[in-house]
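Only one structure is covered here, and it is reproduced in the block below.
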Amino acid sequence: MWQMVREALSGKYRMSLFTILALIFGVAYVIFPFDLIPDWIPVIGWIDDGVVIYLVIRRLNKETMRYIRHKAMERKHMDTDIVRIS
């Protein structure tokens, strides 16, 4: 996943807009004090934060799978270029 983030920041890989927005809004929701259910309510107040974290992790998992397919296609194209040069 760190390789994916490095390549996205360097411009070698483009993350989907939905993933970028999910990360931004997910982190902001957990960090900032506004919540659907206030955190001062024991246990129940933390459930909405947990759900948001869970959804962000699921989205990152899908993006990671997309990145793995991207790298596989990149390697496949490199292999066919090597065969053509020979």
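Checked against (1) surrounded by 14 or more Cβ atoms within 10 Å (Cβ to Cβ); (2) of a type in the set (F, W, Y); (3) modelled with pLDDT under 80, Y67 meets all criteria but (3). Just one of the numbered conditions (1) surrounded by 11 or more Cβ atoms within 10 Å (Cβ to Cβ); (2) under 16 Å from the mean Cα position of the chain (by Cα) is not true of D49: (2). Close contacts from the stretch 20-40, counting a first residue that is closer than 11 Å to V51 by Cβ and at pLDDT 90 or above and a second that is surrounded by 12 or more Cβ atoms within 10 Å (Cβ to Cβ) and not hydroxyl-bearing (S, T, Y), with Cβ to Cβ under 6 Å and a gap of 6+ residues or different chains, come to G26/V52; G26/V56. Looking only at residues of the stretch 8-18 that are touching a residue at least 24 places away in the same chain (Cβ under 8 Å) and not hydroxyl-bearing (S, T, Y), we find that the one that is surrounded by the most Cβ atoms within 10 Å (Cβ to Cβ) is M15. Working only within the stretch 42-69, note down all residues that are of a type in the set (F, W, Y), within 13 Å of A22 (Cα to Cα) and either touching a Gly at 6+ places or on another chain (Cβ under 6 Å) or in contact (Cβ under 8 Å) with a residue 60 or more places away in the chain (or both). The answer is none; no residue qualifies.
Would you mind stating whether K62 is at pLDDT 95 or above and either of a type in the set (K, R) or surrounded by 10 or more Cβ atoms within 10 Å (Cβ to Cβ) (or both)? When the stated conditions are applied, K62 passes them.
The values are calculated or read from the model by the stated rules, or taken from the named source; none is laboratory data. All values derive from a computational prediction rather than experimental measurement. Virtual Cβ from ideal backbone geometry, glycine too; neighbours counted across all protein chains shown.
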